[in-house]
Ligand code: SAH
């Protein structure tokens, strides 16, 4: 293993910071022995904060109606092959009730940017969820909204917000999104969410079109500086009805390597082993955990709509991906030495 790589990895592990060019070096010099070394340190860092615990989140995909046209995404507005749906309040509350009985203590409401979900509707829904399940965390992942909206939702009980930054490079951002969307607004949202006291998650796709080691290095630097509580990364997977339908997917190997590096950047970060990782490899979820992830987010949406939230081709939604199969998921985690816990799974603050 190159001496330079060892020095950088050791410094990252001790100081949790590297220069852009140093992050790029680690990405460009990913050899099996470097991967092994980074992974072992990441697993140790995660263990020292969270032991062998894996947190679970019940993911409820509340709507696939979206006003945006992100070039990579299967639920983009221009996709006329997408069968649209939205859940009503009772359906969402039913998902929570089933999830609670299964041991979920965090509900994530995710969806496209659907104007039907006004602040009033969401605030009422959040108040009901928090009143019925005071021991649960409510997480939203509903895209870009105004600061006022985020404030109202926070006051109504939302604890966390997931909004992937998608890429920390402005020029790259504009290649993945239509001109109606802006990198500045995405960043504005993330900083507003943080100021309003949410636990915030950012993140990006690994292997998205036009992404090079430069862009990934910027993503890592952004994560280091923004200090998110959560970070969602998963491989880009083409969706056949989108402009990127013929592009190639990101890899399991690079995703796992980046999970390990992110764990070293912030040892207490909440890091999901994503559905996309489970989709590109049958053991993807396990491999993400073994690389340093500590969260899984099984699907709690009603069976009838699961296939319709098709962000990318062949997206998993049954087996261990589904909340009903929590026992199967727990068994899979136990087989690699990890324990799924019934817990809100808040970030652990380090002394
Ligand atoms: N509208 C919400 C939720 C988006 S879906 C928002 O804007 O945050 C959640 C994430 O799925 C996105 O942030 C994106 O990073 C990811 N995603 C979308 N299309 C994808 C694809 N083709 N492959 C892999 N991940 C994808």
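What to note about this one:
- Check on residue 259, touching a helix residue (DSSP H, G or I) at 6+ places or on another chain (Cβ under 7 Å), more than 24 Å from residue 111 (Cβ to Cβ) and either more than 16 Å from the ligand (Cβ to nearest atom) or in contact (Cβ under 8 Å) with a residue 24 or more places away in the chain (or both): yes
- Applying the set (1) surrounded by 20 or more Cβ atoms within 10 Å (Cβ to Cβ); (2) part of a helix (DSSP H, G or I); (3) within 16 Å of the ligand (Cβ to nearest atom) to residue 185 leaves exactly one unmet item: (1).
- Top-ranked residue of the range 227-256 - restricted to ones that are more than 12 Å from the ligand (Cβ to nearest atom) and out of contact with any helix residue (DSSP H, G or I) (no Cβ under 7 Å at 6 or more places or on another chain), ranked as farthest from residue 350 (Cα to Cα): 246
- Residue identified as surrounded by fewer than 20 Cβ atoms within 10 Å (Cβ to Cβ), modelled with pLDDT of 95 or more and closer than 16 Å to residue 315 by Cβ among 240, 273: 240
- Residues in the range 208-217 that are assigned to a helix (DSSP H, G or I) and within 16 Å of the ligand (Cβ to nearest atom) were compared, and the one that is farthest from residue 278 (Cα to Cα) is 215.
- Of all the listed residues (46, 127, 57), the sole one being away from the ligand (no atom under 16 Å from the Cβ), within 20 Å of the chain's Cα centre (by Cα) and at pLDDT 95 or above is 46.
- Exactly one residue out of 163, 153 is under 16 Å from the mean Cα position of the chain (by Cα) and either within 14 Å of the ligand (Cβ to nearest atom) or under 18 Å from residue 201 (Cβ atoms) (or both): that is 163.
- Checked against (1) surrounded by fewer than 24 Cβ atoms within 10 Å (Cβ to Cβ); (2) more than 13 Å from the ligand (Cβ to nearest atom); (3) in contact (Cβ under 8 Å) with a residue 40 or more places away in the chain, residue 289 meets all criteria but (1).
The values are calculated or read from the model by the stated rules, or taken from the named source; none is laboratory data. All of these numbers come straight from a predicted model, not from anything done at the bench. No Cβ is skipped: glycine too gets one built from the backbone with ideal geometry, and neighbour counts run over all protein chains shown.
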